[in-house]
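Taking it in order: structure first as structure tokens, then the write-up.
The values are calculated or read from the model by the stated rules, or taken from the named source; none is laboratory data. All figures in this text were calculated on a predicted structure; none of them were measured in a lab. Using ideal geometry, Cβ is built from the backbone for each residue, glycine included, and neighbour counts are taken over all protein chains shown.
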Amino acid sequence: MALTQLPASKAMQEKADMKMSPTDCCVTAETAFNERELYKTLKDILTAYENNEASNEEGLHDINEKLSYFRLNADLKEEIETRLNNVQTLRQNLVEIEKAESLRHVRQLKRKIRSFKSTPLKKTAMKQLKEYEEKFSAETLNNNEPAAKQTALITSIPQCNSPEQVAEILIKHLDSNYMNLGKEGRLYVAGLIMQQREQFKSSQDMRDTAYSYCDRLENEVKTINAARSTDEIVKALFKLPLSIFKEADEKIQKGVAKKLLNNSQTYRNLGTLTVTINQIFKRERRKRARFSQQDDVLFLTFDQQERALECGIGRLNHVPESSLYVAPVQKEPTSAITFKEIN
């Protein structure tokens, strides 16, 4: 191609055509895939694993390699990737079940598996867990745990009159998964158990239900750890028993979510998340208290600042890291507009 034919070129007419030898360049190519067809193929293979119709590891490795073929359809890739991870995790847990040496280990696996979508593979795992649970429960009952303790939950909780009383009993019979919820989280679970106390058939049934509520709350904490926007965090926080957050106004809620998003910390459980949120609100209260000690100041929200300026307030001081503005109160306004009109 002549240089003069290039778009926006200022090449001179007397320049000769560019000549390039085939040995001066390198051409590469990639195989193009119909991603919709690939998705259907991988989906069918995964369905076979989920239905216990396939068991070889090579098929799963093949799916994992073909994930890189998705270039345009990120949603399809994400669905296949999620289902692949679920199948692999369930298969790993099936191996773990056979190695279980205690009732506690079996119940930990049961809580993990319960959160997965219902498939024949999951049902196989749950059936196997039940068999091991009955085996270890019988050994525990016969060897080292009095029968009275086995039935303590089912006999004592129906007598409780408040979530606080239920929580005291649950603390004695549940493991760290319950303790790590924090006070408000523990009371929330206790309240749910109290509502259903007449429906449980055994103490173990009550334990399993309590743990399922614990898992549900902790899954929201995982959502917050993985969130990429403040809207995702706000949505997850509303599903948690955090009264201090729910009672705050929308702007403060978004401010808290932004701090959590920008925080590099990974929250291990609801308890650590609750502590962090309480600290954020505590710092905000200290800032407000520091400003409120000054004479003749008026607190304005972010939305009120423009109206405040219209009312004749000439100076606004922003409260750091908050949605508040502080303005000096003019005791004798020159304008006929009063401060009540700001609201």
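Some observations on this one:
- Among the residues examined, Leu67 qualifies as farther than 26 Å from Leu129 by Cα and either assigned by TED's automatic domain parsing to the domain that holds Lys112 or surrounded by 13 or more Cβ atoms within 10 Å (Cβ to Cβ) (or both).
- Scanning region 210-250 for residues that are more than 17 Å from Asn177 (Cβ to Cβ) and of a type in the set (Ser, Thr, Tyr) turns up Thr223, Ser229, Thr230, Ser243.
- Flag for Leu261 being at pLDDT below 90 and in a helix (DSSP H, G or I): yes
- Taking the criterion of being modelled with pLDDT of 90 or more and outside any helix (DSSP H, G or I), the only residue of region 157-173 that qualifies is Ser162.
- Of the criteria (1) surrounded by fewer than 16 Cβ atoms within 10 Å (Cβ to Cβ); (2) under 23 Å from the mean Cα position of the chain (by Cα); (3) at pLDDT below 90, which one Asn177 fails: (1)
- Options Arg91, Arg104: the member that is touching a Phe, Trp or Tyr at 6+ places or on another chain (Cβ under 9 Å) and modelled with pLDDT under 80: Arg104
- Residue that is in contact (Cβ under 8 Å) with a residue 40 or more places away in the chain, surrounded by fewer than 16 Cβ atoms within 10 Å (Cβ to Cβ) and not aliphatic (A, V, I, L, M), where the choices are Ser115, Ser102: Ser115
- Test: residue in region 174-190 that is part of a loop (DSSP other than H, G, I, E, B) and over 23 Å from His105 (Cβ atoms): no
- For region 251-276, filtered to residues that are aliphatic (A, V, I, L, M) and within 18 Å of Met179 (Cα to Cα), the residue that is surrounded by the fewest Cβ atoms within 10 Å (Cβ to Cβ) is Val275.
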